[in-house]
Amino acid sequence: SFFGNMRVYASAEATEPVAYTDRESTCRTFYARIEPCTEHHWSGEDHCSYCNATCYAVMYDGNGATEGTVPETMIWEPGATATVMGNSGNLSLTNYTFAGWNTAADGSGTDYVEGDALTVSGTVTLYAQWTINTYTIRFENWDHTQLQSSNVAYGETPVYTGATPTRA
């Protein structure tokens, strides 16, 4: 149960009377231990669904990830310093490498990496950022003499610009 902005724990030791009116009677007095809400539950509207205190969420979005899970949403009081999580759920995107987090899905916001401090001033979503994989393509002559080497991003077509291969 909740009284004002205090949470009442049913299994706690009774330490003080709390006047409580239920639908059946107006003369019952319950005894309960009353504690401040220390574990906020985000309502989705920037306040705790238990005590109505202002709190914000730091959420993570896989931003197109094909496998894995994002870190758990964490709830923070205004002004708190959150530590940015890493890729703890092994997010992956085919032919891309995880490159950290950003406050914008397209990477135009603020970049964060695991362990960075984030001052909580409102609810924020951190989007996974992805770097396309590149591959080294070697063009070789019949005798394995390298004619050209190129780094090519996944999906690009390698272009040979070297000398015409010959066979002795």
Practice problem: For the range 3-22, state whether one or more residues are open to solvent by less than 40 Å² (accessible area, probe 1.4 Å) and modelled with pLDDT of 50 or more. | Solution: no
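Output the residue which, of all residues in the range 145-168 that are without any contact (Cβ under 8 Å) to a residue 12 or more places away in the chain and over 35 Å from the mean Cα position of the chain (by Cα), is least open to solvent (accessible area, probe 1.4 Å).
For the range 145-168, the residue satisfying everything is Thr145.
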Practice problem: Check the range 100-108 and report whether any residue there is aromatic (Phe, Trp, Tyr) and either touching an Asp or Glu at 6+ places or on another chain (Cβ under 6 Å) or over 30 Å from Thr54 (Cβ atoms) (or both). | Solution: no
Quiz item: Right, Gly64: in contact (Cβ under 8 Å) with a residue 60 or more places away in the chain and surrounded by fewer than 17 Cβ atoms within 10 Å (Cβ to Cβ) or not?
Solution: yes
Quiz prompt | Of residues in the range 131-144 being outside any strand (DSSP E or B) and open to solvent by less than 70 Å² (accessible area, probe 1.4 Å), the one nearest to Ala99 (Cα to Cα) | solution = Asn133
Exercise. Tell me which residues, restricted to the range 67-85, are surrounded by fewer than 17 Cβ atoms within 10 Å (Cβ to Cβ) and either among the polar types (S, T, N, Q) or at pLDDT 95 or above (or both).
Key: Glu67, Gly68, Thr69, Thr73, Thr81, Thr83
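The values are calculated or read from the model by the stated rules, or taken from the named source; none is laboratory data. All values derive from a computational prediction rather than experimental measurement. Using ideal geometry, Cβ is built from the backbone for each residue, glycine included, and neighbour counts are taken over all protein chains shown. For the accessible areas, the whole protein counts, side chains as well, though only heavy atoms, and no ligand, DNA or RNA atoms are used. Shrake-Rupley method; radii C 1.70, N 1.55, O 1.52, S 1.80 Å.
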